[in-house]
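Below you'll find the structure, written out as structure tokens, and then a few comments.
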Amino acid sequence: MSKKHPIREWTGPQRKYDLLFEGTVAVVIIAVIAVAASILFGSANGGLTYPDGPPSKAGSAFTAKYWANSPTIDDQGKVDPKGGQPDFVATVVAELDGSSGTAGYGPPFNKTSGASQSIGKVSLTGIANSIFGLTQPVNSANDFVLAPLSQIVAPYDPKVAAAVQQYESAGGSLQPGVAADQLVSDQQATWLKNYTDALAKGSVENGVITVPDGDYGPVATIVQAELNIALSGALDNYFTSGPNQLNTNPFKATMFYSDGSVWSQVAAGQGLTGDQWGVMNELWNYPGQFWLILYAIPYHIPAIGSSAAADLWVGTLVVIIGMLVQLLLPWIPGLRDIPRVIPFYRVIFRKYYAENRKST
Amino acid sequence: MSSHARAHDPVTDTGDEVAFSWTEPSPWVRSRLVRNFPLRRLLPDEEPSYVSSLLYVMGVLTLAALIVVILSGVVLALGGVQWWQTSSVGGFMNSVHFWGVQLFFLFMAVHALFNFFIMAWRGGRGFTWVTGVLAFLLAIVTAFTGFLMMTNWDSQYIAQQAKDAMISMGIGFIWNVMDVGQQFTLHVVVTAGILGFIVLVHLGQVRRRGVVPPPGEEHLEVDVTTLHEAGQVGGTHA
């Protein structure tokens, strides 16, 4: 006796059907729709242009140059047309003194502790960190400010070369991935604090930072030089090229740019932020990744959205609901019975039932 | 015709009971393929009469959209990694690729809902459902890497936002969504490749098991051996 055969046959009524014919027609139909939509609507490639922002070419990426030339918009919607440069300068100081988002991120970028998301005592970031270590080490002071100045400006500007040298020899680790509190020595912290206070009384306009005299050490020279290379575009070129190879990994640029406030302001202006359902939005009115709706919804549940571990909560929910429940649905009592409670299939098969099942 | 007579097929050189062997696995694999995926099932002439709703076309339309996406993707790959930013032809192919993906997910969503409401997992079709969901999840990952490699502001912002989710789940230590080069290689080789494989397995399962009968009509699906023994080789007219 042979084993039960894996193939089962339908013995009820049949109809003519050809898969290859249907498939070919389907491909033609889809190709026609996709080409027609492309001719009529194109696709989103809006660049950075946003309400109140300076225009940018289609397909542009965010750059320090755009940042420094952008206005800023405060919480009340008030526009400061020259806000970009002060925002850039404040961010540069934050990268140096370790108070920026990047410096405080923790693994996999640096050893800053206490920043990783956890539910109770469970931190997947912590577990991954103990296995892999810092896989993308960043030293915000060196990678974003000191190293670019050393490479781009110092060879041609002895004053900046001396300033960088003086800053580096005042302590503060240049090692990749050190914790935020290792980035500055006491001396550097004092200079940066004095400089930050002075910025509040001074001005940043047309590429020139003006502050009252004070004890800033080399900081004023360094920050001014960084603003200069941002405005010239040299800083962006530094980030998008590599010292040894062609660079296809511009993640440090992304980290630096996003530490400023113009970054999220552009996103908000284009409707891309999380509270604007940006997870599934595309620029303007284009459909985006609408299939991420399951992933977007949990962020809008107040208890989750406002949690410090929001991403971890959402990720966990998505794994459970979006993956496991979906995969195992045929074996989950209750869920698998929904179609019997809402018998939509009776509508779908009404013709078949009417013709073949006189009893129903 | 008895089942014993089918134990050796002179054309395929396979039969019912081929034992697995580590040193000679080919006969076992061959017999599994021939038993599970007969050509008359892969390319049928007929389908059950209830397969007559437009909703049954959603799966084929999803597949058709995938084919359009792959073809436009191949053209984009030939153009290079910034072609769509530097030429109008590249931009147009980018649009075709984009709209193909939108159609793909749209039809897939309807296809999934339809199969949920007809409980398409009945009659031993659970694995078909599982491979379908896997294809959906992999399609999400593939589309995601596509959005991350556009080399414009949009992809920069998506990457910067998504990194938090990836890192919070521990995945971000290996998969750095801000690394554009990694997204290129993942998108065109790894995720697309695995997706293609899963879709093939899904299609194979759909053809092998056949279209699920309407609820209440399950008894009309019969073990093929029974048909053989009754002299009715499978796939005959009702």
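Could you list, in sequence order, the residues of the stretch A:45-72 that are of a type in the set (A, V, I, L, M), crowded, with 19+ Cβ neighbours inside 10 Å and more than 7 Å from every other protein chain (Cβ to nearest Cβ)? Before the answer, list the steps.
From the stretch A:45-72, those of a type in the set (A, V, I, L, M) are A:48, A:58, A:61, A:64, A:68; that's our starting set.
Keeping just the survivors that are crowded, with 19+ Cβ neighbours inside 10 Å gives A:48, A:61, A:64, A:68.
Result: A:Ala64, A:Ala68.
Which of the residues that make up the stretch A:68-82 are free of Cβ contacts under 8 Å to residues at least 60 places away in the same chain and out of contact with any Lys or Arg (no Cβ under 9 Å at 6 or more places or on another chain)?
First, the residues of the stretch A:68-82 that are free of Cβ contacts under 8 Å to residues at least 60 places away in the same chain: A:71, A:74-81.
Correct list: A:Asp74, A:Asp75, A:Gln76, A:Gly77, A:Lys78, A:Val79, A:Asp80, A:Pro81.
Take B:Thr225 and decide whether it is within 11 Å of another protein chain (Cβ to nearest Cβ), out of contact with any strand residue (DSSP E or B) (no Cβ under 7 Å at 6 or more places or on another chain) and hydroxyl-bearing (Ser, Thr, Tyr).
yes
Residues of the stretch A:274-311 that are surrounded by fewer than 15 Cβ atoms within 10 Å (Cβ to Cβ) and of a type in the set (Ser, Thr, Tyr): A:Ser306 alone.
Considering the stretch A:320-346 alone, what residues qualify as being of a type in the set (Val, Ile, Thr) and more than 9 Å from chain B (Cβ to nearest Cβ)? Listed by number, the residues that qualify are A:Ile320, A:Ile321, A:Val325, A:Ile332, A:Val341.
Would you call A:Asn285 at the interface with chain B (Cβ under 7 Å from one of its Cβ atoms) and more than 17 Å from B:Ile140 (Cα to Cα)? It is false that A:Asn285 is at the interface with chain B (Cβ under 7 Å from one of its Cβ atoms) and more than 17 Å from B:Ile140 (Cα to Cα).
Given the criterion in contact with a helix residue (DSSP H, G or I) (Cβ under 6 Å, 6 or more places away or on another chain), part of a loop (DSSP other than H, G, I, E, B) and farther than 27 Å from A:Asn237 by Cβ, identify the matching residue among A:Ala170, A:Ala154.
Numbers: A:Ala154 fails: farther than 27 Å from A:Asn237 by Cβ.
The unique qualifying residue is A:Ala170.
Where helices (runs of 4 or more DSSP H) sit wholly within the stretch A:263-360, those with at least 1 residues that are among the polar types (S, T, N, Q) occupy A:310-317, A:350-356.
The set of residues in the stretch B:151-177 that are at the interface with chain A (Cβ under 7 Å from one of its Cβ atoms), in a helix (DSSP H, G or I) and over 24 Å from A:Val262 (Cα atoms) comprises B:Ser168, B:Gly172, B:Phe173.
Search the stretch A:205-262 for residues being of a type in the set (Asp, Glu) and within 14 Å of chain B (Cβ to nearest Cβ), and hand back the single one that is surrounded by the most Cβ atoms within 10 Å (Cβ to Cβ).
Taking the stretch A:205-262 and keeping what is of a type in the set (Asp, Glu), we get A:205, A:213, A:215, A:226, A:236, A:259.
From what is left, the residues that are within 14 Å of chain B (Cβ to nearest Cβ) are A:236, A:259.
Values: A:Asp236: 21, A:Asp259: 24.
Checking each candidate, the answer is A:Asp259.
Output the qualifying pairs, or none if there are none: Cβ atoms under 9 angstrom, residues six or more apart or on different chains, first residue in the stretch A:110-129 and in contact (Cβ under 8 Å) with a residue 40 or more places away in the chain and under 16 Å from A:Trp313 (Cα atoms), second residue exposed (fewer than 13 other Cβ atoms within 10 Å of the Cβ) and among the small types (Gly, Ala, Ser). As it stands, the answer is A:Gln117/A:Ala308; A:Ser118/A:Ala308, since those pairs meet every condition given.
Can A:Gly126 be described as within 14 Å of chain B (Cβ to nearest Cβ) and assigned to a loop (DSSP other than H, G, I, E, B)?
On the way: within 14 Å of chain B (Cβ to nearest Cβ): yes; assigned to a loop (DSSP other than H, G, I, E, B): no.
So A:Gly126 fails the test.
Note on the stretch B:48-63: residues that are without any contact (Cβ under 8 Å) to a residue 24 or more places away in the chain and within 12 Å of the chain's Cα centre (by Cα) total 1.
Would you kindly identify the helices (runs of 4 or more DSSP H) lying entirely within the stretch B:34-131 that contain at least 3 residues that are facing chain A (nearest Cβ under 7 Å)? Steps first, answer last, please.
Working: elements: B:39-42, B:58-79, B:83-86, B:88-117.
Qualifying helices (runs of 4 or more DSSP H): B:58-79, B:88-117.
Every residue, every condition in (1) among the basic types (Lys, Arg); (2) in the same structural domain as A:Asn237 (by TED's automatic domain parsing); (3) touching a Gly at 6+ places or on another chain (Cβ under 7 Å); (4) not in a helix (DSSP H, G or I), yes or no:
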residue	(1), (2), (3), (4)
A:Val28	no, no, no, no
A:Ala37	no, no, no, no
A:Ser43	no, no, no, yes
A:Gly46	no, no, no, yes
A:Ser70	no, yes, yes, yes
A:Lys82	yes, yes, no, yes
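Cβ separations smaller than 6 Å between residues 6+ apart or across chains give the following pairs from the stretch A:174-201 residues that are in the same structural domain as A:Ala141 (by TED's automatic domain parsing) to residues that are of a type in the set (Ser, Thr, Tyr) and surrounded by fewer than 19 Cβ atoms within 10 Å (Cβ to Cβ): A:Gln182/A:Ser173. Residue by residue through the stretch B:178-191, note down the ones that are more than 13 Å from chain A (Cβ to nearest Cβ) and surrounded by fewer than 20 Cβ atoms within 10 Å (Cβ to Cβ). Answer for the stretch B:178-191, where residues must be more than 13 Å from chain A (Cβ to nearest Cβ) and surrounded by fewer than 20 Cβ atoms within 10 Å (Cβ to Cβ): B:Val188, B:Val189, B:Val190. Tell me, please, whether a residue that is at pLDDT 95 or above, surrounded by fewer than 23 Cβ atoms within 10 Å (Cβ to Cβ) and of a type in the set (Val, Ile, Thr) can be found in the stretch A:107-117. Looking for residues that are at pLDDT 95 or above, surrounded by fewer than 23 Cβ atoms within 10 Å (Cβ to Cβ) and of a type in the set (Val, Ile, Thr), one finds none in the stretch A:107-117, hence no.
A:Tyr216 meets the conditions (1) more than 17 Å from A:Ala103 (Cα to Cα); (2) without any contact (Cβ under 8 Å) to a residue 24 or more places away in the chain in every case but one. The failed one is (2). Across the stretch A:181-202, the number of residues qualifying as more than 15 Å from A:Val89 (Cβ to Cβ) and surrounded by 17 or more Cβ atoms within 10 Å (Cβ to Cβ) comes to 5. Out of A:Asp52, A:Asp87, one residue alone is of a type in the set (D, E, K, R), assigned to a loop (DSSP other than H, G, I, E, B) and closer than 30 Å to A:Ser140 by Cβ. It is A:Asp52.
Could you list, in sequence order, the residues of the stretch A:136-178 that are crowded, with 17+ Cβ neighbours inside 10 Å and within 14 Å of chain B (Cβ to nearest Cβ)? The answer is A:Gln136, A:Val138, A:Asp143, A:Gly177. Considering only residues in the stretch B:132-141 that are surrounded by fewer than 23 Cβ atoms within 10 Å (Cβ to Cβ) and touching a residue at least 40 places away in the same chain (Cβ under 8 Å), the one that is nearest to the other protein chains (Cβ to nearest Cβ) turns out to be B:Leu134.
The values are calculated or read from the model by the stated rules, or taken from the named source; none is laboratory data. Worth saying up front: this structure is predicted, and the values here are computed from it rather than measured. Virtual Cβ from ideal backbone geometry, glycine too; neighbours counted across all protein chains shown.
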